[in-house]
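**Student:** The structure under discussion is supplied below as structure tokens; questions concerning it will follow.
The values are calculated or read from the model by the stated rules, or taken from the named source; none is laboratory data. The structure displayed is predicted, hence computed values, not measured ones. Every residue, glycine as well, gets a Cβ built from its backbone with ideal geometry; the counts of neighbours run over all protein chains shown.
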Amino acid sequence: MGNPRGFLEVPRKKSGDRPVDERVHDYRETGVEHPPDVITAQASRCMDCGIPFCHEGCPLGNVIPEFNDHVYRGRMADAARVLYSTNNFPEVTGRVCPAPCEASCVLGLEDAPVTIKDVERTIANQSDEQLRPRAAARPSGRRVAVVGSGPAGLACAQQLVRAGHAVVLFERDDRVGGLLRYGIPDFKLEKSLLDRRLAQMIAEGLEVQTGVDVGTTVDAEDLRSRYDAVVLAIGSRVPRDLPVPGRELAGVHFAMEYLTQQNRRVAGDAEASAPIDARDKHVVVIGGGDTGSDCVGTANRQGAASVTQLELMPKPPLVRMPDNPWPEWPLVLRTSSSHEEGCERDFSVMTRALLPDASGQRVAKLSAVRARFTGGKLEELPDSAMDLPADLVLLAMGFVGPERPGIIDALGLELDARGNIVTTATGSTSVPGVFAAGDGSRGQSLVVWAIADGRRVAAGVDAWLAYS
Ligand SMILES: Cc1cc2nc3c(=O)[nH]c(=O)nc-3n(C[C@H](O)[C@H](O)[C@H](O)COP(=O)(O)OP(=O)(O)OC[C@H]3O[C@@H](n4cnc5c(N)ncnc54)[C@H](O)[C@@H]3O)c2cc1C
Ligand code: SF4
């Protein structure tokens with residue numbers, strides 16, 4: 001531990017964002033990094049506890065007190081070495097991770113937790129050495145196909161290449177990155193960071209084939225016969241729909257249609273044939289999670305007339321409740337940088353219908369009612385009906401599992417009751433030599449879990465190849 005009194009002397013200071021009236025006019029990263037002296041002081045707050053629960057809170061098991069100590073002592077290269085020993089992409093998690101580590105920081109029991117995520121981002125921003133391609137491992141002579149290039153597929157592929165296997169990464173989109181590329185907006189994660197990481201992975205020996213939909217454009221069994229192992233990192237991409245009257249009206253879209261279009265615009269792609277644009281529109285986002293928040297930020301940047309976000313669940317408390325004690329993930333109200341940019345949020349609201357304009361073709365209003373859960377059942381509150389102006393309705397109510405027609409059906413994989421791919425602890429599916437990682441097997445989750453899964457399954461594949 002660098003400074004044994006750090007946590008007594010230095011108050012927690014979170015890094016902030018650029019001013020709202022500046023950042024809503026562009027798609028550059030909102031976050032601003034702490035200057036070096038501030039991040040050093042923040043790292044010094046780490047108490048180097050006997051039992052650091054932050055390890056447990058971080059799905060990657062990041063070795064947090066050790067990298068905090070290196071940062072406090074100004075040894076950034078050592079901090080990066082420690083950080084990269086458990087995390088392939090800290091430049092990503094240092095920006096988009098909700099930081100469950102901080103929720104389980106022991107300092108958080110009596111005081112405000114260490115700003116672990118900020119420290120991680122600073123280390124990642126100063127880790128040039130870790131961005132250089134690593135020397136090639138001795139070739140194993142084994143070939144692995146990784147299907148899907150989100151964080152799970154990327155982490156798995158990098159680990160397998162570094163273990164000496166010949167890895168081909170197949171991606172059906174035109175660019176690599178999965179939801180990091182076409183879901184999460186640039187104002188949270190600039191895509192140049194992905195391109196830089198991909199360049200390193202290719203230099204290390206990874207082969208990438210984009211525009212290949214395995215199970216459709218490439219036969220899944222054929223792929224299986226050509227590779228010693230196949231890893232499916234195909235995500236959980238079937239969006240939850242809203243079965244109400246008016247769902248078919250123009251102006252009602254899944255969040256991912258909307259977000260993907262804007263991410264492509266920022267990347268300089270040609271405009272879509274049916275562009276979705278929030279300019280001067282009353283936008284209603286249905287769903288209170290990360291995806292909904294990203295729609296809010298995007299709609300404000302496009303110049304929406306108003307943005308409202310509706311959530312079916314009740315408003316969470318502002319502070320931890322007694323039945324949600326440390327070190328559990330705090331179930332409290334979260335306000336993102338996008339919410340700060342302008343958004344009306346309402347809770348316990350159930351959409352009953354989407355109503356058309358005079359043409360009968362386009363959505364103009366959303367009809368809703370207040371509702372509460374009683375005994376596990378949703379009950380409408382009397383006299384609570386309301387209509388909201390709604391020229392653009394974005395459905396951000398989560399995802400129900402990986403897509404069924406295609407590779408899952410072609411390989412005949414066993415699925416669980418929720419439609420996710422069944423795997424063992426090492427990632428094996430019901431089909432020998434086929435593994436699965438990330439949201440496609442875990443269910444809709446977080447980037448940090450996808451990276452952790454990718455690493456765990458790469459170890460499983462490596463062990464399996466050694467004995468098969
Ligand atoms: C809008 C949005 C915002 C989010 N924001 C955050 C956030 O701020 N922080 C956070 O931690 N998490 C966030 N998440 C969740 C996070 O992005 C996911 O948990 C994570 O990306 C899952 O990684 P994955 O690799 O399993 O799948 P994905 O990222 O979904 O990647 C799967 C890839 O597989 C490809 N694929 C699928 N089928 C095939 C096939 N047959 N052949 C070839 N390729 C195929 C897909 O095209 C895709 O590129 C967000 C999710 C969304 C939708
Ligand atoms: S990856 Fe997420 S949980 Fe792990 S140390 Fe970084 S911010 Fe914390």
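**Student:** Just to check your reading of the model, which residue among Asp391, Asp462 is in the same structural domain as Thr291 (by TED's automatic domain parsing) and either of a type outside the set (Asp, Glu) or modelled with pLDDT of 95 or more (or both)? Talk me through it step by step, then tell me what you get.
**Tutor:** Numbers: Asp462 fails: in the same structural domain as Thr291 (by TED's automatic domain parsing).
The unique qualifying residue is Asp391.
**Student:** Would you confirm, using the coordinates I've provided, whether Leu446 is farther than 26 Å from Glu311 by Cα, within 28 Å of the chain's Cα centre (by Cα) and not β-branched (Val, Ile, Thr)? Walk me through how you get there before you give the answer.
**Tutor:** Details: farther than 26 Å from Glu311 by Cα: no; within 28 Å of the chain's Cα centre (by Cα): yes; not β-branched (Val, Ile, Thr): yes.
It is false that Leu446 is farther than 26 Å from Glu311 by Cα, within 28 Å of the chain's Cα centre (by Cα) and not β-branched (Val, Ile, Thr).
Yes/no per residue for (1) more than 24 Å from Glu328 (Cβ to Cβ); (2) in a helix (DSSP H, G or I):
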| position | (1), (2) |
| --- | --- |
| Met47 | no, no |
| Gly50 | no, no |
| Gly61 | no, no |
| Pro65 | no, yes |
| Gly74 | yes, no |
| Ala80 | yes, yes |
| Asn87 | no, no |
| Glu91 | yes, yes |
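**Student:** Here is a check on your reading of the model: is Gly288 in a loop (DSSP other than H, G, I, E, B), at positive phi and touching a residue at least 12 places away in the same chain (Cβ under 8 Å)? First the steps, then the outcome.
**Tutor:** Values: in a loop (DSSP other than H, G, I, E, B): yes; at positive phi: no; touching a residue at least 12 places away in the same chain (Cβ under 8 Å): yes.
Taking the combined requirement at face value, the residue does not satisfy it.
**Student:** Residues that are within 16 Å of ligand 2 (Cβ to nearest atom): find the helices (runs of 4 or more DSSP H) completely inside region 376-468 holding 2 or more of those. Working first, answer last.
**Tutor:** Working: elements: 407-411, 439-442, 447-467.
Correct list: 447-467.
**Student:** Taking region 260-275 on its own, how many of its residues are without any contact (Cβ under 8 Å) to a residue 40 or more places away in the chain and surrounded by fewer than 17 Cβ atoms within 10 Å (Cβ to Cβ)?
**Tutor:** First, pick out the residues of region 260-275 that are without any contact (Cβ under 8 Å) to a residue 40 or more places away in the chain: 261, 265, 268-275.
Now drop any that are not surrounded by fewer than 17 Cβ atoms within 10 Å (Cβ to Cβ), which leaves 268-275.
The number of residues fulfilling the criteria is 8.
**Student:** Checking the conditions here, which among Val119, Val114 is farther than 30 Å from Ile234 by Cα and either within 16 Å of ligand 1 (Cβ to nearest atom) or not in a loop (DSSP other than H, G, I, E, B) (or both)? If you could, list the steps in order and put the result at the bottom.
**Tutor:** Numbers: Val114 fails: either within 16 Å of ligand 1 (Cβ to nearest atom) or not in a loop (DSSP other than H, G, I, E, B) (or both).
One residue alone meets the criteria, Val119.
**Student:** Oh, and also: Could you give me the residue pairs with C-beta distances under 7 Å whose first residue belongs to region 15-42 and is under 24 Å from Gly183 (Cβ atoms), whose second residue is at pLDDT 95 or above and among the aliphatic types (A, V, I, L, M) wherever it lies, and which are 6+ apart or on separate chains?
**Tutor:** Final answer for the pair search is Ser15/Val32; Asp17/Val32; Arg18/Val32; Tyr27/Val266.
**Student:** Glu56: within 13 Å of ligand 2 (Cβ to nearest atom) and assigned to a helix (DSSP H, G or I), yes or no? Working first, answer last.
**Tutor:** Details: within 13 Å of ligand 2 (Cβ to nearest atom): yes; assigned to a helix (DSSP H, G or I): yes.
Considered against the rule, which asks whether it is within 13 Å of ligand 2 (Cβ to nearest atom) and assigned to a helix (DSSP H, G or I), Glu56 comes out as yes.
**Student:** Continuing with the same structure: So Val161 clears everything in (1) crowded, with 18+ Cβ neighbours inside 10 Å; (2) without any contact (Cβ under 8 Å) to a residue 40 or more places away in the chain except one condition, right? Which one?
**Tutor:** Among (1) crowded, with 18+ Cβ neighbours inside 10 Å; (2) without any contact (Cβ under 8 Å) to a residue 40 or more places away in the chain, Val161 violates only (2).
**Student:** Identify all residues within region 415-468 that are of a type in the set (Ser, Thr, Tyr) and over 30 Å from Gly289 (Cα atoms); write none if there are none. Explain how you work it out, then say what you get.
**Tutor:** First, pick out the residues of region 415-468 that are of a type in the set (Ser, Thr, Tyr): 423-424, 426, 428-430, 441, 445, 467-468.
Answer for region 415-468, where residues must be of a type in the set (Ser, Thr, Tyr) and over 30 Å from Gly289 (Cα atoms): Ser428, Ser430, Tyr467, Ser468.
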